[in-house]
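Below is one structure, written out as structure tokens, with a few remarks after it.
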Amino acid sequence: MIERLCGFDLRDCVLRIELKSEPMKDTMDNTQHPAHNLPAPQIERVRHELRRRSLTVADVTDITPGMRRVVLTGDDLADFVSLAPDDHVKIFVSIPEGEERRDYTPRRYDNDARTLTIDFALHEAGPVTQWALDATPGATLAIGGPRGSAVVSTSVKRWLLIGDETALPAMGRRIEESDAATVITAIAAVADPSERQTFDTKAELNLHWAERPLADATDATSLLEVLRDVQIQPGTFVWVAAEASVARAVREYLVTERGYPLPWIKASGYWVKGKADTTEKFE
Ligand SMILES: Cc1cc2nc3c(=O)[nH]c(=O)nc-3n(C[C@H](O)[C@H](O)[C@H](O)COP(=O)(O)OP(=O)(O)OC[C@H]3O[C@@H](n4cnc5c(N)ncnc54)[C@H](O)[C@@H]3O)c2cc1C
């Protein structure tokens, strides 16, 4: 059983073993929070079979100068499943010393058409960004996962999404998959107006762009300036993902200056400046 779980690397293996001790599905405590006076939102954790899939590049488009969209195809996608917009797959790329792996968001997928779309924020390249820069139709790519989804209850109808370029795929997916009864405020840090994206959605969307040079991706100031003017209504789930120091600063601001309750915040460091293959989670 352990061999089967150790599909990709030791880190996946350890995590899968931890997950195995949990029930197949669970929910967070419904503790009342005085500052918010609402029960914490239910988050259902669903595990998926961990599989490695071999895919082929069908299409490559730069949706903005700094965001490359790659559409992958392959029969291995027939049973691909991703239940939450902030799921991630592992992308595997070969290097002379072996294999590198990084986390990326399934931006869109279609089992019938056997397609999976991934958006790559382009930066001074690590191995996966370099793969995306070199990608042309016909190239191959191996992916693994998602190994699980954290599904926030559909009873949550208000969202505040805050993030940088690496968070935009998950933010865009949340925006596009939401229904007409959902109200979303999104604040995205990008380098300049040419990096603004458009989203098709039935939801009521208030979209803010917080511009700053990519060299300042570790500075939360531009996001916080916009956030200070945003009213956060009770029952709003706040989702934050960015360079780790920025995600931490935004989370800290929400908790200490706005008194926003932690059960209604999910913040993640999607990358760490100066460190390859590094992410951070804030509990
Ligand atoms: C759950 C999750 C989902 C993610 N989804 C996406 C996604 O859909 N699209 C996406 O583009 N990214 C996404 N990321 C972020 C992505 O995994 C990292 O940016 C990753 O480090 C890129 O790998 P790399 O091989 O290019 O660079 P690495 O080898 O990891 O890093 C090389 C150098 O580049 C720096 N670096 C890494 N990322 C950036 C960046 N964005 N800007 C500037 N410098 C950087 C590092 O600090 C390091 O110094 C996600 C991360 C997580 C945790």
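The numbers here are math on the coordinates, done by the rules we state, and not lab data. Note that the coordinates shown come from a computational prediction; the quantities given were computed from them, not determined experimentally. Positions of Cβ are backbone-derived with ideal geometry, glycine not excepted, and every protein chain shown enters the neighbour counts.
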For region 114-228, alpha-carbon Rg over 2.2 N^0.38 Å: 1.19
Which of 193, 169, 41 fluctuates most in a GNM of the chain (C-alpha springs under 10 Å)? That residue is 193
Just to be sure I follow: if Rg is taken over the C-alpha atoms of the chain and Rh is the Kirkwood radius over the same atoms, what is Rg/Rh? 0.95
Once you keep just the Cα pairs under 8 angstrom separated by 6 or more residues, what percentage relative contact order results for region 66-134? 41
Go through 96-109, 119-132 and give me the packing order, highest mean Cβ count within 10 Å leading. 119-132, 96-109
Relative contact order of region 154-282, defined on C-alpha pairs under 8 angstrom at six or more residues apart (%): 24
Amide H neighbours of residue 108 at under 5 Å, excluding residues fewer than 5 places away on the same chain, with H built from the backbone geometry, are 117
For every other residue with a beta carbon closer than 12 angstrom to the beta carbon of residue 196, add +1 if it is Lys or Arg and -1 if Asp or Glu, then tell me the sum. -4
Computed [θ] at 222 nm, deg cm²/dmol, the chain (DSSP H ≥ 4; -39,500 (n - 2.57); rounded to nearest 500): -5000 deg cm²/dmol
Equivalent-ellipsoid semi-axes (√(5λ), Cα gyration tensor) for region 154-282, whole Å, largest first? 22, 17, 14
